[in-house]
Amino acid sequence: MATNPYFTSNYTAYTAEQDFVHKLTIESHQIFGIDLKYLPRTLENFDPFYGEDTHSSFNSAIPLEFYIKSYGGFEGSQFLSKFGLQMSEELVITCARRRFTETITTAHPLITRPREGDLIYIPFAVDERMRVFEISFVDQNENFSQLGERYTWEINCRVFGFNGEKFETGDTEVDDFDNNYLTMDILLSPGVGTFSMGDRVTQTTGFGADVVVHNTTTGVLTLTNSVKELDITLPITNGTITRTINIVDNPVSNDSGLNSNSLLTERESTLIDFSEKNPFSGF
């Protein structure tokens, strides 16, 4: 028996069923999905030779409903690399094509589909941690040509690895991501008292952060999960111990909290031997 000509003979003429499936897809995502935020990546200084941009930024965070296909939890695997044991966390989500066009493409006309390298921000804690995922692959053929149309994007994501990108979306929750996830090193002035891992240190300005490690040999204090900006002119305390920060030679700047230039410059002579000019010259 031949297929129904009203559905399959001419998809450009009979679009009512396609439109109906589009609307069902949108409705199912809005009922069973969750609201996430889509962060388009802006390339600031793209290097065509290496195929990367070391100074990219994220300037907008657009809410959109997604359906999570990884219902059993995060996917991924554990493997032993040259850097040790690494555990990847991956996520598979879908979004309705029409909703993507209505929200993302309307705000950014050049973005016609989810792009590899853009971010998906989950605005709530998962297993007590905030998560941001980077799009690694987009399946453009999910629900391949049902009624001559495609209705969803299937998006494969992996946990985002921060590499100095700027977050200036105007959404305070998103813009504080780098402070919440990154570690910062601050050089303390000589003093009495050692902070322990897990201590919450604060300043009178409202700054707060968790201690990762306090190296008593170098005097460097490593912090993470910071709130507000660090003021290196003020002391920090965990309620029991109060220490001042070395203002003259401190690896942290008030701008980013990521720089370690002075510390690396100080130690470069012990890290690299520059005395040998040409190790492959004649004997």
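The values are calculated or read from the model by the stated rules, or taken from the named source; none is laboratory data. Owing to the predicted nature of the structure, the values given are computational and were not obtained by experimental measurement. We place every Cβ from the backbone using ideal geometry, glycine too, and count neighbours over all the protein chains shown.
Counting only strands (runs of 3 or more DSSP E) that fall entirely inside segment 48-134 and contain at least 3 residues that are crowded, with 17+ Cβ neighbours inside 10 Å and modelled with pLDDT of 75 or more, the qualifying elements are 62-68, 90-96, 119-126. The condition (being at pLDDT 85 or above, of a type in the set (S, T, N, Q) and in contact with a Ser or Thr (Cβ under 6 Å, 6 or more places away or on another chain)) is satisfied by just one residue among Thr240, Thr216, Thr224, Thr183: Thr216. Is it the case, given these coordinates, that Asn141 is polar (S, T, N, Q), more than 22 Å from Asn59 (Cα to Cα) and either modelled with pLDDT under 85 or surrounded by 14 or more Cβ atoms within 10 Å (Cβ to Cβ) (or both)? The answer is yes for Asn141.
Filtering segment 130-170 to residues that are touching a residue at least 24 places away in the same chain (Cβ under 8 Å) and among the acidic types (Asp, Glu) leaves Glu134, Glu142, Glu149, Glu154, Glu165, Glu168. Among residues of segment 30-47 being more than 16 Å from Arg158 (Cα to Cα) and of a type in the set (D, E, K, R), the one that is modelled with the highest pLDDT is Asp35. Of all the criteria given as (1) at pLDDT 85 or above; (2) out of contact with any Leu (no Cβ under 8 Å at 6 or more places or on another chain), the one not satisfied by Thr204 is (2).
Consider segment 99-116 and keep the residues that are polar (S, T, N, Q) and free of Cβ contacts under 8 Å to residues at least 40 places away in the same chain. The one that is farthest from Pro63 (Cα to Cα) is Thr112.
For segment 23-35, residues that are in contact with a Cys (Cβ under 9 Å, 6 or more places away or on another chain) and either part of a strand (DSSP E or B) or closer than 17 Å to Ile135 by Cα (or both) total 0. Just one residue in the set Thr152, Thr172 is surrounded by fewer than 17 Cβ atoms within 10 Å (Cβ to Cβ), among the polar types (S, T, N, Q) and within 30 Å of Ile26 (Cβ to Cβ); that residue is Thr172.
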